[in-house]
Each structure stands twice: as structure tokens, then as C-alpha cells.
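To keep things clear, I will list the structure first and then write my remarks on it.
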Number of protein chains: 2
Amino acid sequence: MEFFMSEVIEVLERTPRVLEQYLVGLSEDWLQANEGEGTWTPSQVIGHLIDGEKYNWIPRLEIILSETDERRFPVFDRFSHLQQYHEWSIEKKIREFESLREENIGKLKLLITDKSQLEITGVHPEYGEVRARELISTWTVHDLTHIAQITRVLAKRYDQAVGPWKGYLGILKN
Amino acid sequence: MEFFMSEVIEVLERTPRVLEQYLVGLSEDWLQANEGEGTWTPSQVIGHLIDGEKYNWIPRLEIILSETDERRFPVFDRFSHLQQYHEWSIEKKIREFESLREENIGKLKLLITDKSQLEITGVHPEYGEVRARELISTWTVHDLTHIAQITRVLAKRYDQAVGPWKGYLGILKN
């Protein structure tokens, strides 16, 4: 268990620092790029990560560990952030994400003290029964999927600019 | 031209800092993960980026701007790094990449002083005629494609660990 928890925390604690180096100070043309209507900009992705810290990962873990009979997660609104942080600068968003993440890693360490807890289940509104271990793993991979999304959005701005190299750059094929 | 150059440099100068935050101090289980035989680990990707700084981007740009008749690029060995930096720690690799990148951004600024230079062509061994502008754009997207690759390799370690969330995490589908 210690091994799983420490390698998960390694990634979780890095994400805000990676995003800070990646996005703070980047010009608006990069930060406001997207992949077409209904897709998110790098800046909007950070809003979604903030909401995950507030309403998703730790709140759901707390439900799992609550020792109540019905440990059903409330639905997580994946779009509320589009209004909520609309006016925030990228610095402000990343500072907020960083501070919530730090707090939540602290909570995670306090919540999980024995490996048996990793096997406790809650009920996901769509997927049904899920284990604490799967929730924590997903929190980690969710960071990575959004780092990949930001990277792909940035790359696609230069989809045409790369000329004949396009066929060789895997990121432009997704 | 100033606009193109400044936005390209914004990304190029961030990459080593992003990778430093991302990978330095990460445990070997993450750093030595790959996507199966013949694929690269996050650590090996940094070796490839080092080689790009040494043998690819700026040397090719220098050939384009050389005012000689035949501005043909030598072939770039995409695999030599697998032996060359095999024993290097991740810190050492990233420090080397960071230092070469800084030097190369300095060279880029000295080499391109007029927008007409961006339209000069060289001959790629595979793609034929390519413009300086396309080479510089590709340098940038090449960074992004490898940040995405590292991210995907890390995520895939938890391909099974996420349980029923797998279908919802785009990064696990590539």
C-alpha cells in the first residue's frame, strides 16, 4: 500500500508545478487555442482541474470511507467551470489549483492509513461499484489525460505550419 | 515574423523546465515504464531530445541559411541516443537538454533576423524541399509530441488500475 500511495502522490504533487512551468506567461494565442467548437482551451482545462479538487476526488473518497450504507457519489458537473472561472487569469487559476491540490494530498494521506481501505467501494452514478484504489488511480491518470490534452491543443495550432513534417508528428493525428 | 519567433520561443524555452518539474525525482518505476518492446521510456525520450538539439534543429537551420547550392540535410539518427545516454541519470539528461536548448535558442535569435529568411528552403532526406519556417514550427511541435508521449507512457502504467474509469480516459485509448 505504501508503495502505491507514494507513487500516486509523486504524480499528483507534480501536476500543478508542471502546469505552472508550462502555461504561466504563455501568450494568449496559445492559452486561448482550442480544437474547435465545444472543446476546451488550455486555460479552461485548469478550471476543470480546480473543480475536480473541489467536488470530485477527495469528496468521493470521503463518501467511500464514510461507513454509511449507501455510498453513492453525487454527479460531477464537468462543465460548471466554464462559467465559474471565466474571468480568472491563468496565474490565478494555477495558484488555486496548486493550493487545493496541496490540501487534498494532505487529506489523502490522513484518509488512507491501511491497505484494506483501498478495497472499499462506492457507487459511481454511471459505472456502478468502484474501489477506493481505482478512484485514486483515476485521479492520477486524469491529471495525465489533461496534460496530454493541453499539449495536443498547443500542437494543433501548428498543424499546417509544420508543412511536410505533419505525417511524422503523432500528436497531429489525434 | 517577430510574432512567429516570439511565440515559438515561448514554447521552446518552457520545455526543459516542464520536463524538469515532471520527471526529476520521479521514481524509477515511472521513469523506466514503456509501451512495450521497441518503445521508449520517459528517460529515453530525453536522450532523443538531447540528440535533436545536437544534430537536428539548429544544424539543419544552419544548412538552410548557408547560401550554398545544395542545402541537403544529413540523415538524423533517431536511435543513437539509446546507447549514448544509457547510463545517465534523469537529472543529468535534463540538465544537458536544458543547457543545449538555451544555447540553441540563442543561436536561433542570431540566425533569424529578417522574415525573408523564414522562406528559404533546404532538402529533407525524406520529405524533399522544406522551409526554415516549417523546420522551426516542427522543432516546437516535436517538443509537444514528446511531452505527450511521456504523459501517455506514465498513464498506461495505470491502464488496469483505473478499473471502470478506463473508457472515460482518452489517454488510455491511444
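Okay, here's what the table says:
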quantity	calculated
Alpha carbon convex hull of the stretch A:2-91, volume per residue in cubic angstrom	124
Long-range Cα-Cα pairs in the protein assembly as shown (distance over 30 Å), rounded percent	40
Furthest towards positive pole of dipole, B:Pro59, B:His81, B:Asn34, structure part the stretch B:5-172, Cβ charges	B:Asn34
Gained length - B:Ser89 relative to B:Asp159, 0.36 nm times residue gap less alpha-carbon distance	22.5 nm
Shielding by other protein chains, A:150-157, mean Cβ within 10 Å	6
Centre separation in Å (Cα based) which lies between the stretch A:29-78 and the stretch B:40-112	38
Chain A - mean residue ellipticity at 222 nm from DSSP helices (-39,500 (n - 2.57) per run, n ≥ 4, rounded to 500)	-17500 deg cm²/dmol
In degrees, nearest ten, helix A:2-23 long axis to first principal axis of chain A (Cα)	30
Under 22 Å from B:Lys173, Cα to Cα: lysines that are on another chain or at least 8 residues apart	A:Lys156, A:Lys166, A:Lys173, B:Lys156
Highest-MSF residue in chain B out of B:Leu154, B:Leu26, B:Leu12 [GNM, Cα springs under 10 Å]	B:Leu26
Convex hull (Cα only) mean projected area of the stretch A:100-152, reported in nm² to one decimal	4.7
Residue among B:Leu172, B:Ser137, B:Gly106 farthest towards the positive dipole end of the stretch B:5-172, charges placed on Cβ	B:Leu172
Area buried, chain A against chain B - accessible surface, total, 1.4 angstrom probe, square angstrom	4600
Qualifying GluC sites (Glu not before Pro) for the stretch A:120-174 [loop in DSSP, other Cβ within 10 Å: at most 16]	A:Glu126
B:Thr39 paired with A:Lys109, simple spin-label distance in nm, labels 7 Å along Cα-to-beta-carbon	3.3
Tail beyond 27 Å, pair distance distribution of the stretch A:5-172 (Cα, percent)	33
Cα→Cβ-extended label distance, 7 Å offset, between B:Ser116 and A:Lys173, nm	4.0
Surface share of carbon and sulfur [accessible, 1.4 angstrom probe, percent] for chain A	46
GluC sites (Glu not before Pro) within the stretch A:42-99: DSSP coil, no more than 16 neighbouring Cβ in 10 Å	A:Glu67, A:Glu70, A:Glu87
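The values are calculated or read from the model by the stated rules, or taken from the named source; none is laboratory data. This structure is a prediction, so every number in the text was calculated from the model and none was measured. Note: ideal-geometry Cβ built from the backbone for every residue, glycine included; neighbour counts use all protein chains shown. The accessibility values were calculated without ligands, DNA or RNA, using every heavy atom of the protein model including side chains. Shrake-Rupley method; radii C 1.70, N 1.55, O 1.52, S 1.80 Å.
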